[in-house]
Amino acid sequence: MASRERTFIAIKPDGVQRGLVGKIIQRFEERGFKMVALKICAPGRAHLEKHYADLSKKPFFKDLVDYMVSGPIIAMVWEGLNAVKCGRMMLGETNPQASLPGSIRGDFSIQVGRNICHGSDSVESANHEIALWFNKNELVNWESAMYTWIYEV
Ligand code: UDP
Ligand code: MG
């Protein structure tokens, strides 16, 4: 079912330190997405290097990993229609300078190396990232009582 698409969303260490966890979660809840997994974690360098493996040749890779291991991360899975694409729109552009007000990065951040949140960029990478960050038993399958008020069914 299309409305079962899942995306991996993370609040990076700066988002946690700046007290933005509640606000970011609220945006996904209010939009109508369903929370399937949530944890606070600090998985360490090797894990973050794996998460960003595609970027390992980039000049900013070391700074990026330093940034991501600098504090706790909130890891989440959100489910709903076009969750991946819609999640990316809700986050804004990679560079906060290009992110419109109304997006998470556009409202709460200024520089690319402190852009407070992560979202999967495709369904394929979402599936890969969800498997990297969560065990199967951490993903909770449940029916939202609001489903028929959010979807035409
Ligand atoms: N990043 C950076 N400098 C850059 C590009 C990216 O520090 O020039 C960081 C930034 O935190 C970004 C992350 O690397 O969120 C991953 O980059 P990607 O291109 O995957 O952007 P995203 O998918 O997070 O929008
Ligand atoms: Mg990316």
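Listed values, structure above:
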read-out	value
Eligible lysines near residue 50 by straight Cα distance, threshold 21 Å, same-chain separation 8 or greater	12, 39, 58, 62, 136
Summed residue charge, Cβ within 14 Å of residue 146's Cβ, Lys/Arg positive, Asp/Glu negative	-3
Which of 28, 101, 83, positive extreme of dipole for the chain (C-beta unit charges)	101
Net lengthening on full extension, residue 153/residue 81 (0.36 nm per residue, minus Cα-Cα)	24.8 nm
Whichever aspartates and glutamates have a C-alpha closer than 12 Å to that of residue 23, once near sequence neighbours (fewer than 8 apart) are set aside	107
Reciprocal mean inverse distance between Cα atoms of the chain - Kirkwood radius, Å	15.8
List 89, 35, 146, ordered by accessible area with a 1.4 Å probe, largest first	89, 146, 35
Relative contact order (%) - criterion: Cα under 8 Å, at least six apart; region: the chain	35
Residue-level accessible surface for residue 143, protein heavy atoms, 1.4 Å, Å²	130
Cβ-placed point charges (K, R +1; D, E -1), dipole of the chain about Cα centre in debye, nearest 20	300
Sulfur and carbon atoms: percent of accessible area, region 48-89 [1.4 Å]	57
Those chymotrypsin sites (Phe, Trp or Tyr not before Pro) in region 89-153 that DSSP places in a loop and that have at most 13 other beta carbons within 10 Å	142
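The values are calculated or read from the model by the stated rules, or taken from the named source; none is laboratory data. Everything numeric here is computed off the predicted structure, so don't read it as measured data. Note: ideal-geometry Cβ built from the backbone for every residue, glycine included; neighbour counts use all protein chains shown. These area figures cover heavy atoms from the full protein model, side chains too; ligands, DNA and RNA do not enter into them. Shrake-Rupley method; radii C 1.70, N 1.55, O 1.52, S 1.80 Å.
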